[in-house]
Amino acid sequence: MTLPAGPLLALLVGTAQPSVPAQAALDAALREAIVASCPGAKIALDPDLTRAARRYGQAVREGRAQPGGADLAFFAGLETADPAPFAGVAVVEPPAEADRAVQDLFPRSCRFTHAGVAATALPGNRAVVGVLTSSRAVALAELPGRVAPGARVRVSGTLSPGLLRPRLYALGPGGEVEERALALSRGRGFAENLVLRGRGEHAVEVLADGPGGPQVLALKRIFAGTEPPDAPPPAPKAREGLTFVEEAIASLRAARGLPRLTRDAALDAVAEKHSQAMARSRTFAHVLPADGTMTDRLRQSGYAYRSAGENIGLAPDAVAAHEAVVSSPAHLANLLDPRHQRLGLGAVRGTSPDGVPVVYLTEVLAAPVLGSRDPAGEVVRVLAEERRKQRLPVLVRDESLDAIALAEVRALSLGGVPEIRRSGAAQRALDTNPGLRSAAVDLVVGTAPEEAKGSNNLRDAGWTRVGVGALYASSREYGPGRLWVLIVYGR
């Protein structure tokens with residue numbers, strides 16, 4: 001049947017989808033809103049962020065994503081190398097009003113350098129608007145999102161002033177983490193080639209040290225021989241804060257054949273204190289004026305440790321903050337460090353630097369110093385084993401040298417400073433043992449008897465006798481609960 005021209009025109013007009021403002025109008029609205037709220041700020045509209053916002057809108061329209069910042073941030077993680085972009089989302093009616101919504105979708109802290117916006121029409125005369133903002137401390141050359149297995153990827157860029165010791169982390173599909181130091185040119189540029197071995201998802205991360213400690217500058221997901229996901233993962237069921245985080249860490253380590261970390265109340269207190277300091281100052285950093293570095297915090301608490309590491313996360317809840325931690329290759333390597341034995345967790349609700357409600361999460365991992373009942377005897381065994389490996393003559397333990405070593409190490413540890421009165425101790429050894437022709441003294445301050453292998457005189461084949469003094473003591477220079485070992489050699 002043929003319809004007249006007039007009714008057909010009316011039918012087409014009546015069923016047309018409401019339109020959103022053009023991209024140019026959205027960009028102009030965002031730029032004007034930023035200028036009004038952040039006078040003097042230099043903000044660049046970024047095509048990668050805009051593309052991520054556009055992909056997110058399409059996913060919402062097709063039912064693959066939900067209106068909300070978390071799902072928008074998911075698409076930003078696919079399209080950009082920004083480690084933690086701020087995501088603002090609004091659903092407006094009618095769609096023609098989308099450009100007016102952008103003024104409420106970016107942080108008023110104005111701590112961002114790049115922004116992107118997109119709007120997508122939805123059924124029911126509505127539209128979803130997404131705004132992404134990020135702060136970039138590295139000008140990173142574009143990295144591909146998809147490559148063939150075994151492809152070589154060049155990671156290059158320029159570091160902002162004030163950042164030091166850049167390094168590159170690469171996480172492979174099997175969970176293996178590779179770390180490389182990045183050499184800086186005079187212009188603060190760097191470049192490094194990576195080979196992405198294995199089919200699956202890889203993560204490439206650039207870190208550097210800033211005033212607040214280690215800082216993630218870039219994090220890029222790269223898919224080798226496989227397609228990136230086209231939808232965020234399903235919303236998790238209700239999960240209980242730090243209990244879930246503890247179990248997630250245990251599962252992560254078990255999958256790599258590593259033992260579970262024991263929850264430590266002393267480390268919990270250290271972690272909680274740092275989370276409180278971050279929330280109080282609205283500063284997301286490892287180093288704060290209020291409580292110093294991780295080492296400062298452990299020393300102040302009196303916690304004696306052989307190894308220690310710290311992760312921090314920021315998200316709407318503790319579990320999401322932990323998941324952000326795991327997405328970072330460097331932080332994942334910390335969780336999988338086989339040296340660690342104990343775990344401390346602290347989570348505090350507060351307001352982010354951008355002014356939104358969040359949880360500040362701190363994870364402290366450590367191997368405590370476990371005191372020995374006979375540290376001197378264990379040191380003697382370590383020295384003997386090392387001499388055997390080096391095929392050197394056996395050292396005979398001498399009780400008179402033991403007494404001199406113990407008296408000397410007690411005096412040193414009480415003074416809290418590692419100044420050896422070498423000539424005095426050696427001379428007393430000679431005075432006490434007329435049969436000795438010469439003597440030497442070494443001091444080792446560490447966390448375990450095995451570290452006595454660092455003794456300078458241990459590999460001298462001329463020594464035939466040994467005396468050891470060892471005790472646990474705290475000092476301002478070395479921290480709490482260190483093992484002080486003084487070794488007297490004679491011949």
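Structure data summary
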{"read-out": "Crossing angle, helix 69-79 versus the chain [Cα axis fit, 0-90 degrees, rounded to tens]", "value": "80 degrees"}
{"read-out": "Karplus (6.51, -1.76, 1.60) ³J(HN,Hα), θ = phi - 60°, over the range 378-390, in Hz, Gly and Pro reported as x", "value": "5, 4, 4, 5, 4, 4, 5, 5, 5, 4, 5, 4, 7"}
{"read-out": "Restricting the range 217-324 to trypsin sites (Lys or Arg not before Pro) in coil, as DSSP defines it, with at most 15 other Cβ within 10 Å", "value": "237, 239, 256, 260, 282"}
{"read-out": "Gyration tensor verdict on the range 354-491 (Cα atoms; rounded if a/c is under 1.5, prolate if a/b is larger than b/c, oblate otherwise)", "value": "prolate"}
{"read-out": "Integer Hz, Karplus 6.51/-1.76/1.60 couplings in order for the range 95-105, x for Gly and Pro", "value": "x, 5, 8, 4, 5, 6, 7, 5, 5, 9, 10"}
{"read-out": "Neighbourhood net charge (12 Å Cβ-Cβ; Lys/Arg +1, Asp/Glu -1) for residue 92", "value": "-2"}
{"read-out": "Amide hydrogen neighbours beyond the local backbone of residue 153, cut-off 5 Å, H modeled", "value": "194, 195, 196"}
{"read-out": "Tensor-based shape of the range 431-491 (alpha-carbon gyration tensor, a/c under 1.5 rounded, otherwise prolate or oblate)", "value": "prolate"}
{"read-out": "Under Karplus coefficients 6.51, -1.76 and 1.60, residue-wise ³J(HN,Hα) of the range 246-253 in Hz, glycine/proline x", "value": "4, 5, 5, 5, 4, 5, 4, 6"}
{"read-out": "Extension gain, residue 293 back to residue 251 (0.36 nm per residue minus Cα-Cα distance, nm)", "value": "12.3 nm"}
{"read-out": "Gain in span if fully extended, residue 410 to residue 394, counting 0.36 nm per residue against the direct Cα distance", "value": "3.1 nm"}
{"read-out": "FRET efficiency, 1/(1 + (r/R0)^6) with R0 30 Å, evaluated for residue 260 and residue 178 via beta carbons", "value": "0.75"}
{"read-out": "The range 328-388 pair-distance distribution - Cα-Cα, 5 Å bins, rounded %", "value": "4, 13, 12, 13, 13, 12, 10, 7, 4, 4, 4, 3, 0"}
{"read-out": "Cut-off under 5 Å, modelled amide H: who pairs with residue 136 long-range", "value": "113, 114"}
{"read-out": "Folded to 0 to 90 degrees: helix 422-432 orientation relative to the chain principal axis, Cα", "value": "30 degrees"}
{"read-out": "Positive minus negative residues near residue 53 (Lys, Arg vs Asp, Glu; Cβ under 14 Å)", "value": "-3"}
{"read-out": "Gain in span if fully extended, residue 66 to residue 459, counting 0.36 nm per residue against the direct Cα distance", "value": "134.8 nm"}
{"read-out": "With every protein chain in place, the chain: carbon and sulfur % of accessible area (1.4 Å)", "value": "53 percent"}
{"read-out": "Highest-first arrangement of 228-234, 468-474, 201-207, 153-159, where packing means the average Cβ count within 10 Å", "value": "201-207, 468-474, 153-159, 228-234"}
{"read-out": "Nonlocal amide H pairs with residue 304, under 5 Å, H built at 1.01 Å", "value": "369"}
{"read-out": "Label point distance in nm, residue 152-residue 36, each placed 7 Å from Cα along Cα→Cβ", "value": "5.2 nm"}
{"read-out": "The chain, helix-only ellipticity at 222 nm - DSSP H runs n ≥ 4, -39,500 (n - 2.57), divided by all residues, nearest 500", "value": "-10000 deg cm²/dmol"}
{"read-out": "Local net charge near residue 180, Cβ-Cβ under 9 Å (Lys/Arg +1, Asp/Glu -1)", "value": "-2"}
{"read-out": "Rounded, prolate or oblate (a/c below 1.5 giving rounded, otherwise prolate when a/b exceeds b/c) for the chain by Cα gyration tensor", "value": "prolate"}
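The values are calculated or read from the model by the stated rules, or taken from the named source; none is laboratory data. Note that the coordinates shown come from a computational prediction; the quantities given were computed from them, not determined experimentally. Cβ: placed from backbone, ideal geometry, glycine included. Neighbour counts: every protein chain shown. Note: areas computed on protein heavy atoms with side chains; ligands, DNA, RNA excluded. Shrake-Rupley method; radii C 1.70, N 1.55, O 1.52, S 1.80 Å.
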